[in-house]
1. Can you give the calculated 222 nm mean residue ellipticity of the chain, where each DSSP H run of n ≥ 4 adds -39,500 (n - 2.57) and the sum is split over every residue, rounded to the nearest 500 deg cm²/dmol?
2. Holding the Cα-Cα limit at 23 Å, pick out from Lys135/Lys183; Lys4/Lys137; Lys48/Lys126; Lys52/Lys230; Lys207/Lys230 the pairs that are longer than that.
3. What is the sum of charges, Lys and Arg at +1 and Asp and Glu at -1, for the other residues whose Cβ falls under 12 Å from the Cβ of Ser243?
4. Let me check I have the definition right: for region 1-111, take the eigenvalues of the Cα gyration tensor, multiply each by 5, take square roots. What are those semi-axes in whole Å, largest first?
5. Applying the Karplus parametrisation 6.51 cos²θ - 1.76 cosθ + 1.60 with θ = phi - 60° to the phi angles of region 156-162, what ³J(HN,Hα) value in whole Hz is obtained for each residue in order, glycine and proline being reported as x?
6. Cα centroids of region 151-218 and region 47-126: how far apart, whole angstrom?
7. Lone cysteines in the chain, defined as no other cysteine's Cβ under 4.7 Å from theirs: which are they?
8. Which ordering of Ile121, Ile224, Ile34, Ile235 is given by a fewest-first count of other beta-carbon atoms within 10 Å?
Amino acid sequence: MNHKPVAVITGASRGIGRAVAISLASEGFDIAAIARSIDSEGMGILNKEVEKKGVEFFPVGLDISCTGCQTEVVSNILERYGRIDILVNNAGVAPLQRNDLLEMTEESYNRVLNINLKGPIFFAQKIAKEMIWLKQKIVDYKPVIIFVTSVSSTLTSTNRSEYCVSKAGLSMASTIFADRLAKEEIRVFEVRPGIIQTDMTVKVKDKYEKMIHEGRVPQNRWGIPEDIGKAVASIARGDWDFSTGMVFEISGGLNINRL
Ligand SMILES: NC(=O)c1ccc[n+]([C@@H]2O[C@H](COP(=O)([O-])OP(=O)(O)OC[C@H]3O[C@@H](n4cnc5c(N)ncnc54)[C@H](OP(=O)(O)O)[C@@H]3O)[C@@H](O)[C@H]2O)c1
């Protein structure tokens, strides 16, 4: 049994997931980092950053939408460490093309929903069952599951409806997991980012730049992946011990309904 707590982060090779992994490494968690490929430049960068913090790095290849592949991944992590203390369900994609709702294809809908919603739900289900069992074995074990959703779970974009639907579904999944798992002493949180500077927003950088410049984001700046990393670290440290099912919106005030 590993003496250090263990964090599992999906979509850890870049962007928000990588910043979350580095934050959790700073908090003393060993890091099981999931992405589709473990050989990417991003995983190499993360490996170095995590090891600088004096914790272990375990790269794991998994396409999160492959629910049939998830069991083996969970087994491999448990075989190596004997515990999972925090799961951050972060992996997610935008549609390959932004199409108007009336032109949305079934293919794009299925791709986005399988990666952003079905994959994380069944991954969380598998890990939650292990956490319930691990509670019997580990002293002072305080497991946590986090779902990274988006402001798009409540804000509409008619040219990427499948993304909005996937994130609205994931937001409800987070609440349902929180409800079901409260009695198991597993706490569940939704982390809801706003407009964050990552590969995901590169294609629409100018559009968002203009929106931010025109005041759409009350705090008047882009979010950076580290903004999300800090929030997840605060949850992982136990700062929110008597809470579950909460939404942490990290969006520079996009949550404010302005007149
Ligand atoms: N950026 C934003 O403005 C923003 C705003 C709100 C919410 N979010 C959400 O935050 C999360 C992270 O977004 P990001 O901006 O950091 O995106 P990103 O820079 O594009 O990174 C996405 C991550 O997910 C991984 N990934 C993609 N498809 C995967 C799959 N099928 N299976 C496993 N891993 C997969 C990627 O790794 P590989 O490509 O190496 O597999 C990468 O590590 C997403 O859920 C996104 O919806 C982002």
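No lab work stands behind these numbers, since they all come straight from the coordinates. Computed from a predicted structure; not experimentally measured. Reconstructed Cβ throughout: ideal geometry from the backbone, glycine too, with neighbour counts over all protein chains shown.
1. -13500 deg cm²/dmol
2. The pairs that break the limit, which is 23 Å between Cα atoms, are Lys48/Lys126; Lys207/Lys230.
3. On the way: positive: Arg187; negative: Glu190, Asp239, Asp241.
Net charge in that neighbourhood comes out at -2.
4. With the √(5λ) rule applied to region 1-111, the semi-axes are 29, 16, 11 Å.
5. Karplus-based 3J(HN,Hα) across region 156-162 equals 8, 9, 6, 9, 8, 4, 4 Hz.
6. Their Cα centres are 16 Å away from one another.
7. Cys164
8. Ascending number of Cβ neighbours within 10 Å: Ile224, Ile121, Ile235, Ile34.
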